[in-house]
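Colleague: Here it is: the structure, laid out below.
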Amino acid sequence: MAKATIKQVAAAAEVSTATVSRVLNDSDYVSDEIKERVMAAVNQLNYRPSAIARSLKQDRTYMIGVVVPDISNPYFMGISRGIEDIVGKEGFQLIFCSSDENPDKERRLLKLMQEKRVDAVVLATSGGNDPAIQQLADAKMPIVLVDRKPDSPEAGLTLDLVAEDNTEGASLLTRKLLEDGHTAIGVVNGPTRSSTGRERLDGVRKAMKEYGLNEEPMVYNGDFSTEDGIRAVRHFLSSERRPTAIISLNNRMSLGVLLEIVRSGLKIPADIAVASFGEVEAGPLLKESGLYYMKQHPYDMGIKAGEILLRRIRDEAPLSEPEIEIYSNEVKQLN
């Protein structure tokens, strides 16, 4: 069955197509009697306005692209939920994409967002894509960076940013292990091409230096995945100098760390203490683990990002003046 057209609706209601458009978009005064006739015709013909045609006319698609490294990560899910709760009230829909920590895939997704004419982009970058991000910014596309910064902020790429104080957070987490007497600490880090990988490792080094430990920490660089947490523990356990504590700088890797320690028959914290940048959902299942973790606020960050998005889409603030919100974190411990 062919779809009804706006001309057929206008003919059935005995009005012009312009009047039908005004009624559907609530863009101008139309009498109640005319509205009733138009809506009756719409319902009778089961008419559905073309979203594409409407977006071309309004120069707005009411779509926002969200590109994150891992859409299955509860942290990024929390951010996305906060964004959705804010922009959804204004009729915007989110398009979720996962770059899988792959800069090439992220670049393709950013190009896709531009081709789909989304009204704005939220990006947690995997790194290595400053030129592609700059291209979107030059095209006046509102972009809000979440969790991660550009590779070289000093190079001139200044965008709205909602993130955590990664350096200080990792430093606080490391200090907890140092205060407990651990000096042989294994560090499970993500790729240093991302700002989170660089800044959190800097935070670990900062804390160790403050405690007079000037040697380079034992570092396993993974890819922010559970599998890399597992591989990191295997690496540390086979090392000549086994660590007495492990600090994992991402919640997904932390899950892998906990799984492999338990699988190896070791006890936490008696054999190896663990600290995690971010909460681990399975953490509470361990008895008396003493697990240190960084309490994060992804939903609040998403709320803030959503508020910035709406201001940018409404053109309520000049793009030359980026909004930057940095969240402080606190260390918690499981009993």
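The values are calculated or read from the model by the stated rules, or taken from the named source; none is laboratory data. Please read these numbers as outputs of a predicted model, since none were measured by experiment. FYI the Cβ positions are ideal-geometry reconstructions off the backbone, even for glycines, and counts take in every protein chain you see.
Colleague: Taking region 41-56 as the search range and keeping residues that are farther than 24 Å from Asp119 by Cβ and not in a helix (DSSP H, G or I), which one is modelled with the highest pLDDT? Working first, answer last.
Modeller: Step one: list which residues in region 41-56 are farther than 24 Å from Asp119 by Cβ, which gives 41-47.
When the remaining residues are screened for being not in a helix (DSSP H, G or I), the result is 46-47.
Working: Asn46: 83, Tyr47: 79.
Result: Asn46.
Colleague: Assuming Ala184 fulfils every condition listed in (1) free of Cβ contacts under 8 Å to residues at least 24 places away in the same chain; (2) out of contact with any helix residue (DSSP H, G or I) (no Cβ under 9 Å at 6 or more places or on another chain); (3) at negative phi apart from one, which condition is it?
Modeller: (1) is the only condition that Ala184 fails.
Colleague: Could you list, in sequence order, the residues of region 159-195 that are in a loop (DSSP other than H, G, I, E, B) and more than 16 Å from Ala275 (Cβ to Cβ)? Steps first, please.
Modeller: First pass over region 159-195, keeping only residues in a loop (DSSP other than H, G, I, E, B): 159, 165, 180-184, 190-194.
Passing the criteria: Leu159, Asp165, Pro191, Thr192, Arg193, Ser194.
Colleague: Next question. Going by the conditions given, is Glu227 charged (D, E, K, R), more than 17 Å from Ala124 (Cβ to Cβ) and modelled with pLDDT under 95? Walk me through how you get there before you give the answer.
Modeller: Numbers: charged (D, E, K, R): yes; more than 17 Å from Ala124 (Cβ to Cβ): yes; modelled with pLDDT under 95: no.
It is false that Glu227 is charged (D, E, K, R), more than 17 Å from Ala124 (Cβ to Cβ) and modelled with pLDDT under 95.
Colleague: Could you list, in sequence order, all residues of region 146-179 that are surrounded by 20 or more Cβ atoms within 10 Å (Cβ to Cβ) and at positive phi?
Modeller: Asp147
Colleague: Could you tell me which of the residues Asp100, Asp104 is surrounded by fewer than 18 Cβ atoms within 10 Å (Cβ to Cβ) and within 15 Å of the chain's Cα centre (by Cα)?
Modeller: Details: Asp104 fails: within 15 Å of the chain's Cα centre (by Cα).
The match here is Asp100.
Colleague: Identify the single condition in (1) within 30 Å of Ala137 (Cβ to Cβ); (2) part of a strand (DSSP E or B); (3) not assigned by TED's automatic domain parsing to the domain that holds Ile83 that Glu325 does not satisfy, given that it satisfies every other one.
Modeller: Among (1) within 30 Å of Ala137 (Cβ to Cβ); (2) part of a strand (DSSP E or B); (3) not assigned by TED's automatic domain parsing to the domain that holds Ile83, Glu325 violates only (3).
Colleague: Further question: Kindly indicate the residue of region 68-106 that is part of a helix (DSSP H, G or I) and among the aliphatic types (A, V, I, L, M) and also farthest from Pro131 (Cα to Cα) among those meeting that condition. If you could, list the steps in order and put the result at the bottom.
Modeller: Quick first cut of region 68-106, residues part of a helix (DSSP H, G or I) only: 74-90, 103-106.
Keeping just the survivors that are among the aliphatic types (A, V, I, L, M) gives 77, 79, 83, 86-87.
Details: Met77: 27, Ile79: 25, Ile83: 25, Ile86: 29, Val87: 28 Å.
Looking at the filtered set, the residue picked out is Ile86.
Colleague: Taking the options Leu145, Leu123, name whichever one is within 19 Å of Val67 (Cα to Cα), touching a helix residue (DSSP H, G or I) at 6+ places or on another chain (Cβ under 9 Å) and without any contact (Cβ under 8 Å) to a residue 24 or more places away in the chain.
Modeller: Numbers: Leu123 fails: without any contact (Cβ under 8 Å) to a residue 24 or more places away in the chain.
Every option except Leu145 fails the conditions.
Colleague: For region 10-40, what are the residues that are in a helix (DSSP H, G or I), polar (S, T, N, Q) and at pLDDT below 80? Give the steps one after another, and end with the answer.
Modeller: From region 10-40, those in a helix (DSSP H, G or I) are 10-13, 17-25, 32-40; that's our starting set.
Now restrict to residues that are polar (S, T, N, Q): 17, 19, 21, 25.
Residues satisfying the conditions are Ser21, Asn25.
Colleague: If you don't mind, there's one more thing I want to ask. Hey, any hits in region 190-201 for a residue that's modelled with pLDDT under 95, surrounded by fewer than 23 Cβ atoms within 10 Å (Cβ to Cβ), over 19 Å from Gln333 (Cα atoms) and among the β-branched types (Val, Ile, Thr)?
Modeller: yes
Colleague: With among the β-branched types (Val, Ile, Thr), more than 26 Å from Asp100 (Cα to Cα) and either surrounded by 20 or more Cβ atoms within 10 Å (Cβ to Cβ) or at pLDDT below 95 (or both) as the only criterion, which of Ile133, Ile143, Ile185 stands out?
Modeller: Details: Ile133 fails: more than 26 Å from Asp100 (Cα to Cα); Ile143 fails: more than 26 Å from Asp100 (Cα to Cα).
Result of the check over Ile133, Ile143, Ile185: Ile185.
Colleague: Filtering region 273-322 down to residues that are of a type in the set (A, V, I, L, M, F, W, C), surrounded by 22 or more Cβ atoms within 10 Å (Cβ to Cβ) and over 30 Å from Arg117 (Cα atoms), which residue is modelled with the lowest pLDDT?
Modeller: Within region 273-322, the first condition is being of a type in the set (A, V, I, L, M, F, W, C), and the residues that meet it are 273-275, 277, 280, 282, 285-286, 291, 294, 301, 303, 305, 308-310, 313, 317, 319.
This time we only want the ones that are surrounded by 22 or more Cβ atoms within 10 Å (Cβ to Cβ), so: 273-275, 277, 280, 291, 294, 301, 305, 308-309.
From what is left, the residues that are over 30 Å from Arg117 (Cα atoms) are 273-275, 277, 280, 291, 294.
On the way: Ala273: 97, Val274: 97, Ala275: 97, Phe277: 97, Val280: 92, Leu291: 96, Met294: 95.
The extreme case among them is Val280.
Colleague: Kindly establish whether Arg198 is among the basic types (Lys, Arg), part of a helix (DSSP H, G or I), in contact with a Ser or Thr (Cβ under 8 Å, 6 or more places away or on another chain) and more than 25 Å from Gly65 (Cα to Cα). Before you say what the answer is, go through the steps one by one.
Modeller: Working: among the basic types (Lys, Arg): yes; part of a helix (DSSP H, G or I): yes; in contact with a Ser or Thr (Cβ under 8 Å, 6 or more places away or on another chain): yes; more than 25 Å from Gly65 (Cα to Cα): yes.
For Arg198, the condition - among the basic types (Lys, Arg), part of a helix (DSSP H, G or I), in contact with a Ser or Thr (Cβ under 8 Å, 6 or more places away or on another chain) and more than 25 Å from Gly65 (Cα to Cα) - is met.
Colleague: Can you name every residue in region 268-293 that is in a loop (DSSP other than H, G, I, E, B) and in contact with a helix residue (DSSP H, G or I) (Cβ under 8 Å, 6 or more places away or on another chain)?
Modeller: Initially, region 268-293 is screened for residues in a loop (DSSP other than H, G, I, E, B), giving 268-272, 277-282, 286-291.
Ile268, Asp271, Ile272, Phe277, Gly278, Glu279, Val280, Glu281, Ala282, Leu286, Ser289, Leu291, listed by residue number.
Colleague: Just to be sure, is Val257 surrounded by 16 or more Cβ atoms within 10 Å (Cβ to Cβ), hydrophobic (A, V, I, L, M, F, W, C) and not in a helix (DSSP H, G or I)?
Modeller: Details: surrounded by 16 or more Cβ atoms within 10 Å (Cβ to Cβ): yes; hydrophobic (A, V, I, L, M, F, W, C): yes; not in a helix (DSSP H, G or I): no.
Answer is no for this residue.
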